[in-house]
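The values are calculated or read from the model by the stated rules, or taken from the named source; none is laboratory data. Small disclaimer: the values here were computed from a predicted structure and weren't measured. All Cβ positions, glycine included, derive from the backbone under ideal geometry; neighbour counts span all protein chains shown.
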Amino acid sequence: MLEPEFIERFERAVYLVLLLLLIVLIVASVLSLIATLAADLASPPYLLLTGDEILTLFGEFLLVLITLEFFASIRVYLRESAIPYELVVVIAITAIARKIIVLEIETSSDLHMVGLGLVVISLAGAYYLLKRGGIAGRAQT
């Protein structure tokens, strides 16, 4: 049987590896965002962005923010040995907002739109209950 100390050290090591991978992902995402912005501004009409280009850039920007939030939640877990579930809900809200912003309405089914609406309502309700309940936002592990 594995010792609890070994399991805890192993878990922390996995989280540290995830942090390192997220650092690489954040740097790559920011570089991709910069490259996309530069390419869009350098293409005719110069220094102007179309609506589609702005939506693409905004989607990439939100992906960087989501990745940064994951990074922050792992850091909180490593520092406090607690899962920041309020932060997890905020990450989910940001991710679904990104999905809705870049969604192509013309190609989406009605059922897909209803599903996204239900997810938004559920996440908003969860966030409201966390805030209203005065919960510290952490679940000890």
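Out of Thr94, Thr107, which single residue is at pLDDT below 95, more than 19 Å from the chain's Cα centre (by Cα) and polar (S, T, N, Q)? It would help to see each step written out before you state the result.
Details: Thr94 fails: more than 19 Å from the chain's Cα centre (by Cα).
Matching residue, one of Thr94, Thr107: Thr107.
Mind listing just one residue for me: the one in region 78-101 that is over 15 Å from Ala124 (Cα atoms) and touching a strand residue (DSSP E or B) at 6+ places or on another chain (Cβ under 6 Å) and, of those, surrounded by the fewest Cβ atoms within 10 Å (Cβ to Cβ)?
Ala82
Can you tell me which residue within region 1-13, out of those that are out of contact with any helix residue (DSSP H, G or I) (no Cβ under 8 Å at 6 or more places or on another chain), part of a helix (DSSP H, G or I) and of a type in the set (D, E, K, R), is surrounded by the fewest Cβ atoms within 10 Å (Cβ to Cβ)? Explain how you work it out, then say what you get.
As a first pass, look at region 1-13 and keep what is out of contact with any helix residue (DSSP H, G or I) (no Cβ under 8 Å at 6 or more places or on another chain): 1-11, 13.
Checking the rest, the ones that are also part of a helix (DSSP H, G or I) come to 4-11, 13.
If we keep only those that are of a type in the set (D, E, K, R) too, we end up with 5, 8-9, 11.
Values: Glu5: 8, Glu8: 12, Arg9: 11, Glu11: 14.
Looking at the filtered set, the residue picked out is Glu5.
When you scan region 16-29, how many residues do you find that are out of contact with any Asp or Glu (no Cβ under 9 Å at 6 or more places or on another chain) and surrounded by 13 or more Cβ atoms within 10 Å (Cβ to Cβ)?
Quick first cut of region 16-29, residues out of contact with any Asp or Glu (no Cβ under 9 Å at 6 or more places or on another chain) only: 16-28.
Still in the list and also surrounded by 13 or more Cβ atoms within 10 Å (Cβ to Cβ): 18-19, 22, 25-26.
So the count comes out to 5.
In the set Leu16, Leu22, Leu37, which member is over 24 Å from Tyr77 (Cα atoms) and in a helix (DSSP H, G or I)?
Details: Leu16 fails: over 24 Å from Tyr77 (Cα atoms); Leu22 fails: over 24 Å from Tyr77 (Cα atoms).
From the options Leu16, Leu22, Leu37, the qualifying one is Leu37.
Name, by its number, the condition in (1) modelled with pLDDT under 90; (2) over 24 Å from Ala126 (Cβ atoms); (3) buried (at least 16 other Cβ atoms within 10 Å of the Cβ) that does not hold for Leu37.
The single condition Leu37 does not satisfy is (1).
Determine which single condition Arg9 fails, assuming it passes every other condition in (1) of a type in the set (D, E, K, R); (2) free of Cβ contacts under 8 Å to residues at least 40 places away in the same chain; (3) closer than 30 Å to Gly134 by Cα.
(3)
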